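Asks: Take this structure first; my questions come after.
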Amino acid sequence: MSISIHLQELSCSHDDVALFQPLTHHFAPCAVYRIAGDNGAGKTTLLRSLAGLFQGTSGTIEWLNTQPSSSAAKLPQAERRANLLYIGHKGGIKLGLTPLENLRWLTEYQIADKPLLDALDRVGLYGYEFVPAAKLSAGQKRRVALARLYVSQHPVWILDEPLTALDKAAVESLTDFFRQEAERGRLVILTTHQSLPIDDLVTVKLEHVPCD
């Protein structure tokens, strides 16, 4: 499935205070989008809103099936979840489990161990597959969460600071992977404080609401 996300005058707020000016934007497949903005501008909140995890919004968020054979049909909430891989800034891993056990759990035990082990190898965790996550460094824990990308079939990825705590080589490898996956038709939306050497990168900047 090929999916786009359309925002119309979207605004997110905490305690009735708007985090950014209303945003209208169309996120198309086959592209990598970087959400930019100052600290506190609402970048994480926007990602959570796109993923259906934050309800303090006004305006509209529409997920559209944009397959050539379809008529841009709107996707209901259940279908959105089925087509989305969301990785928050905490990664969602369990410290009492090993990297392999975490991947089994995060993929709902639907994928055989061989692809999971290959994914861990691709993120540089060969030899750490059976080490409790509590004993891993911050960067290694991040890699456990990101290994899900290499076994994902979801057409939409929403990633909050995926490059945090990674070394230069890992950042370059992951950035190249994002570019390749976009070329294959995936929609990638992320936040990062690092530069991304992707020629067709689209930056969407959140603007603060002016103070009265």
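Since every read-out is calculated from the coordinates, none of them should be taken as a lab result. This structure is a prediction, so every number in the text was calculated from the model and none was measured. Glycine also receives a Cβ, built like all others from the backbone with ideal geometry; neighbour counts cover every protein chain displayed.
Asks: Hey, what number do you get for the chain at 222 nm if only DSSP H runs of n ≥ 4 count, each worth -39500 (n - 2.57), divided across all residues, to the nearest 500?
Replies: Computed mean residue ellipticity for the chain: -7500 deg cm²/dmol.
Asks: From the Cα gyration tensor of region 1-124, with a ≥ b ≥ c the square roots of its eigenvalues, which class applies: rounded if a/c is under 1.5, or else prolate if a/b is larger than b/c, or else oblate?
Replies: It is oblate, given that a/c is not under 1.5 and a/b is not larger than b/c.
Asks: Tilt of helix 168-183 relative to the longest C-alpha principal axis of the chain, in degrees (0 to 90, nearest 10)?
Replies: So the inclination is approximately 60 degrees.
Asks: Right, here's the next one. Starting from 0.36 nm per residue, how many nanometres of slack lie between T24 and D167 once their C-alpha separation is accounted for?
Replies: Length gained, T24 through D167: 48.0 nm.
Asks: OK, next. What is the distance, in nm, between label points placed 7 Å from the Cα along the Cα-to-Cβ direction at K90 and at S58?
Replies: With each label placed 7 Å out from Cα toward Cβ, I get 3.0 nm.
Asks: From the square roots a ≥ b ≥ c of the eigenvalues of the alpha-carbon gyration tensor of the chain, which class results: rounded (a/c under 1.5), prolate (a/b over b/c), or oblate?
Replies: It comes out prolate by the Cα gyration axes.
Asks: Under the definition of Cα pairs under 8 Å and six or more residues apart, what whole-number percent is the relative contact order of the chain?
Replies: 32
Asks: With angles folded into 0 to 90 degrees, how steeply does helix 113-122 sit against the dominant principal axis of the chain? Use alpha carbons for both and round to 10.
Replies: Taking Cα atoms only, the helix is inclined about 80 degrees.
Asks: Out of region 1-91, which trypsin sites (Lys or Arg not before Pro) are coil in DSSP terms and have no more than 15 other C-beta atoms within 10 Å?
Replies: Passing sites in region 1-91 are K90.
Asks: I need to check one value: relative contact order of region 96-196, counting alpha carbon pairs closer than 8 Å and at least 6 residues apart, in percent.
Replies: 27
Asks: What residue among P197, Y128, A147 has its Cα farthest toward the positive end of the dipole of region 80-212, where the charges are +1 on Lys, Arg and -1 on Asp, Glu, each on the Cβ?
Replies: Y128
Asks: Could you give the nm distance between label points at E183 and F130, where each point is 7 Å from its Cα heading toward the beta carbon?
Replies: About 3.8 nm separates the two model spin labels.
Asks: Same structure again: Once the piece of chain linking R81 and A112 is laid out straight, how much longer is it, given 0.36 nm per residue of separation minus the C-alpha distance between them?
Replies: 9.0 nm
Asks: In terms of modelled amide H atoms, which long-range or inter-chain residues lie less than 5 Å from the amide H of I3?
Replies: T66
Asks: If you restrict to DSSP beta bridges whose two residues both lie in the chain, what percentage is antiparallel, to the nearest 5?
Replies: 45
Asks: Moving on. Rank these for me by crowding, T203, T192, going from fewest to most other beta carbons within 10 Å.
Replies: T203, T192
Asks: Related question: How about region 37-146: which chymotrypsin sites (Phe, Trp or Tyr not before Pro) there are in a DSSP loop, with at most 12 other Cβ atoms within 10 Å of their Cβ?
Replies: Y109, Y126, F130
Asks: Once the piece of chain linking D38 and Q153 is laid out straight, how much longer is it, given 0.36 nm per residue of separation minus the C-alpha distance between them?
Replies: Computed gain between D38 and Q153 is 38.2 nm.
Asks: Let me ask something else. Students often get this wrong, so check it: of K74/K94; K43/K114; K74/K141; K43/K74; K114/K205, which have C-alpha atoms separated by over 31 Å?
Replies: In this structure, K74/K94; K43/K114; K74/K141; K114/K205 lie more than 31 Å apart at Cα.
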